[in-house]
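Beneath this line is the structure, given in structure tokens, with notes to follow.
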Amino acid sequence: MAKKKTKFMCQSCGYESPKWMGRCPGCGAWNQMVEEVEIVGRKKGTFLHTPSTSTAKAVSIKTIETVEEPRIQTDLKELNRVLGGGVVPGSLVLIGGDPGIGKSTLLLQVSSQLASKQQKVLYISGEESVKQTKLRANRLNIHADELYVFSETNLETILHTIEEMVPSFVIIDSIQTIYHPDVTSAPGSVSQVRECTAELMRIAKTKGIAIFIVGHVTKEGSIAGPKLLEHMVDTVLYFEGERHHSYRILRAVKNRFGSTNEMGIFEMKEFGLDEVENPSEIFLEERSHGAAGSTVVASMEGTRPVLVEIQALIAPTSFHNPKRMATGIDHNRVSLIMAVLEKRVGMLLQQQDAYLKVAGGLKLDEPAIDLAIAVSIVSSFRDQPTRAKDCIIGEVGLTGEIRRVSRIEQRVQEAAKLGFDRIIVPQNNLGGWTIPKGVQVIGVSTIVEALEYTLGG
Ligand code: TYD
Ligand code: MG
């Protein structure tokens, strides 16, 4: 009978050790060592490397010929954009997300769209039987001839099938269920995930097949198994959303073939995922008018401006240390803006709890939202509502100055499109672009000035 042996392995760099260590001696990362159970007695695996992309010798960059790889467009424009303009043949794409968020649904829809364009698609499910996949396909109204489903978890069989069928696309749902028979540890472990991914990478590159891998996300929010996986693949996408909302956001966190700022928005409906083409509308849908503490900002999400509401609630504290909580915004940013308000505007916020929230579950991390945060805080603190049709854009500096932001014209256009008639922008952003008709654009250079316009001093 096979005996079990335990070793520990770093999720970041793959360092192996016979005992657990808090800090990995290989890469210095903390808390990355996980237990790997090895079953001794089975054939030990060889270490499989990612394919080499080396040339025989160094060449002048001028002499390298390039052919623009044609990208394959799916019918989901939101997905094409996040991928950087369509699917690149021969690329390995990882899609991570919480269980039940809609990864299998998304990939099955994409598979069917590609299959209906005479591309051969192989959907490998290690989680569901072919009957279950068929039931889902019925619900999504999918009947494509060129879509093949296969319920299998043995990587050797999978590779063999791929080599025989030569599909243009392969979906692996999910990487945590697949195992390499030569690797002795359990499916989902660091070595399994690493070896399986390396093999999939090799076949993707050598055969020019685009492979999508599904990866589950742990409670901490990273893809289960090794971080290593993210380093290996070409593109990492996260599919997120609140379980109680039907909106889903697809974002790229790594992309060798495009920008990582792009975001795609979908809605989960009864018969599958639908694209949301006007995200600003949905993010403002539930805004209540005339409420203190609410402002709207035009934030860039990749190349697209999105209008979002920022809410603040400032209330006297009953704690020794006042609470500072922020959802969807970095709380250090909130602390910084509150410090600026104290020092430059003379507001006493030390005895106040502050809660901030980006409505609609978005995460914003660009400085152009600073001024809207500041106005929300002051509006709630004074219990004085902002004007419903104001849109506020600008970065706040430590001396209370309002600094220039990128792509002002696009932001203002989006705000105008959604009916905002007065837009507060940094003074330095004025000039050199056209202001849409029917919109008043006000340039401000200090936070005090901005508060005068928005809340009347
Ligand atoms: P699924 O794609 O199975 O999630 P994942 O693969 O990320 O675990 O999505 C499952 C959820 O989506 C489930 O709660 C049911 C819901 N759903 C719909 O609302 N409409 C649909 O058409 C489908 C197929 C699923
Ligand atoms: Mg699934």
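Working carefully through the options Val448, Val444, find the one that is in contact with a helix residue (DSSP H, G or I) (Cβ under 9 Å, 6 or more places away or on another chain), open to solvent by less than 50 Å² (accessible area, probe 1.4 Å), over 20 Å from Arg324 (Cα atoms) and not acidic (Asp, Glu). So that I can check it myself, show each step before the final result.
Details: Val448 fails: open to solvent by less than 50 Å² (accessible area, probe 1.4 Å).
From the options Val448, Val444, the qualifying one is Val444.
Report those strands (runs of 3 or more DSSP E) wholly inside region 164-271 carrying at least 1 residues which are more than 28 Å from Ser129 (Cβ to Cβ), open to solvent by less than 50 Å² (accessible area, probe 1.4 Å) and at pLDDT below 90. Full working, then the answer.
Values: elements: 169-173, 210-216, 235-240, 247-255, 263-269.
Those strands (runs of 3 or more DSSP E) span 247-255, 263-269.
Within region 352-370, work out how many residues are open to solvent by 10 Å² or more (accessible area, probe 1.4 Å), in a helix (DSSP H, G or I) and modelled with pLDDT of 85 or more.
Number of matching residues: 1.
Among the candidates Arg324, Arg333, which residue alone is of a type outside the set (Gly, Ala, Ser) and without any contact (Cβ under 8 Å) to a residue 40 or more places away in the chain?
Numbers: Arg333 fails: without any contact (Cβ under 8 Å) to a residue 40 or more places away in the chain.
When all the criteria are applied, what remains is Arg324.
Conditions: (1) closer than 25 Å to Glu78 by Cα; (2) more than 16 Å from ligand 1 (Cβ to nearest atom); (3) open to solvent by 20 Å² or more (accessible area, probe 1.4 Å); (4) out of contact with any Pro (no Cβ under 9 Å at 6 or more places or on another chain). Arg304 meets all but one. Number of the miss?
Every condition holds for Arg304 apart from (4).
If a residue must be within 10 Å of ligand 1 (Cβ to nearest atom) and not hydroxyl-bearing (Ser, Thr, Tyr), how many such residues does region 96-121 contain? Give the steps one after another, and end with the answer.
Going residue by residue through region 96-121, those that are within 10 Å of ligand 1 (Cβ to nearest atom) are 96-109.
Add one more test, that the residue is not hydroxyl-bearing (Ser, Thr, Tyr), and what stays is 96-103, 106-109.
Looking only at that region, the number is 12.
Just checking, which of Ala388, Ala415 is at pLDDT below 95 and assigned to a helix (DSSP H, G or I)? Explain how you work it out, then say what you get.
Details: Ala388 fails: assigned to a helix (DSSP H, G or I).
On inspection, the qualifying residue turns out to be Ala415.
Among Ser151, Ser116, which is the only one that is within 29 Å of the chain's Cα centre (by Cα), open to solvent by 50 Å² or more (accessible area, probe 1.4 Å), more than 15 Å from ligand 2 (Cβ to nearest atom) and polar (S, T, N, Q)?
Numbers: Ser151 fails: more than 15 Å from ligand 2 (Cβ to nearest atom).
Exactly one residue qualifies, and that residue is Ser116.
Tell me which of these Gln132 doesn't satisfy, since it passes every other one: (1) within 16 Å of ligand 1 (Cβ to nearest atom); (2) touching a His at 6+ places or on another chain (Cβ under 9 Å).
(2) is the only condition that Gln132 fails.
Give the residue that is farthest from ligand 2 (Cβ to nearest atom), with candidates limited to residues of region 160-175 that are of a type in the set (A, V, I, L, M, F, W, C) and closer than 21 Å to Ile95 by Cβ. Steps first, answer last, please.
Within region 160-175, the first condition is being of a type in the set (A, V, I, L, M, F, W, C), and the residues that meet it are 162, 165-166, 169-172, 175.
Retained after the next criterion (residues that are closer than 21 Å to Ile95 by Cβ): 162, 169-172, 175.
On the way: Ile162: 20, Phe169: 17, Val170: 16, Ile171: 11, Ile172: 11, Ile175: 12 Å.
Top of the filtered list is Ile162.
Scanning for something within 16 Å of ligand 1 (Cβ to nearest atom), assigned by TED's automatic domain parsing to the domain that holds Gly215, in a loop (DSSP other than H, G, I, E, B) and within 24 Å of Glu277 (Cα to Cα), does region 84-95 turn up at least one residue? Break it down stepwise before answering.
We begin by selecting, within region 84-95, every residue within 16 Å of ligand 1 (Cβ to nearest atom); these are 93-95.
With the extra rule that they be assigned by TED's automatic domain parsing to the domain that holds Gly215, the set shrinks to 93-95.
Cutting the leftovers down to in a loop (DSSP other than H, G, I, E, B) gives us none.
Within region 84-95, none of the residues are within 16 Å of ligand 1 (Cβ to nearest atom), assigned by TED's automatic domain parsing to the domain that holds Gly215, in a loop (DSSP other than H, G, I, E, B) and within 24 Å of Glu277 (Cα to Cα).
Suppose we keep only residues that are within 16 Å of ligand 1 (Cβ to nearest atom) and of a type outside the set (Ser, Thr, Tyr) within region 185-220. Which one would you say is nearest to Ser168 (Cα to Cα)? Let's see the steps before the verdict.
Our first condition is that a residue be within 16 Å of ligand 1 (Cβ to nearest atom); within region 185-220, this holds for 188, 212-219.
Narrowing the set further to residues that are of a type outside the set (Ser, Thr, Tyr) leaves 188, 212-217, 219.
Working: Gly188: 26, Phe212: 11, Ile213: 14, Val214: 17, Gly215: 21, His216: 24, Val217: 27, Lys219: 34 Å.
In this case the residue turns out to be Phe212.
Report every pair of residues separated by at least 6 positions or lying on different chains whose Cβ atoms are under 6 Å apart, first residue within region 434-450 and over 15 Å from Ile408 (Cα atoms), second in a loop (DSSP other than H, G, I, E, B) and open to solvent by less than 30 Å² (accessible area, probe 1.4 Å).
From region 434-450, the pairs are Thr446/Gly400; Ile447/Gly400.
In this structure, does Leu76 turn out to be among the aliphatic types (A, V, I, L, M), more than 10 Å from ligand 1 (Cβ to nearest atom), in the same structural domain as Val253 (by TED's automatic domain parsing) and over 22 Å from Lys269 (Cα atoms)?
So Leu76 fails the test.
Residues of region 113-163 being of a type in the set (Lys, Arg) and assigned to a helix (DSSP H, G or I), which ones?
The initial filter retains those residues of region 113-163 that are of a type in the set (Lys, Arg), namely 117, 120, 131, 134, 136, 139.
Answer for region 113-163, where residues must be of a type in the set (Lys, Arg) and assigned to a helix (DSSP H, G or I): Lys131, Lys134, Arg136, Arg139.
Restrict the check to region 282-293 and report whether at least one residue is touching a Pro at 6+ places or on another chain (Cβ under 7 Å) and part of a helix (DSSP H, G or I).
Taking region 282-293 and keeping what is touching a Pro at 6+ places or on another chain (Cβ under 7 Å), we get 290-292.
Those still in the list that are part of a helix (DSSP H, G or I) too: none.
No, every residue in region 282-293 fails to be touching a Pro at 6+ places or on another chain (Cβ under 7 Å) and part of a helix (DSSP H, G or I).
The values are calculated or read from the model by the stated rules, or taken from the named source; none is laboratory data. All values reported here derive from a predicted model rather than from experimental measurement. Virtual Cβ from ideal backbone geometry, glycine too; neighbours counted across all protein chains shown. Only protein heavy atoms, including side chains, enter the accessible area calculation; ligands, DNA and RNA are left aside. Shrake-Rupley method; radii C 1.70, N 1.55, O 1.52, S 1.80 Å.
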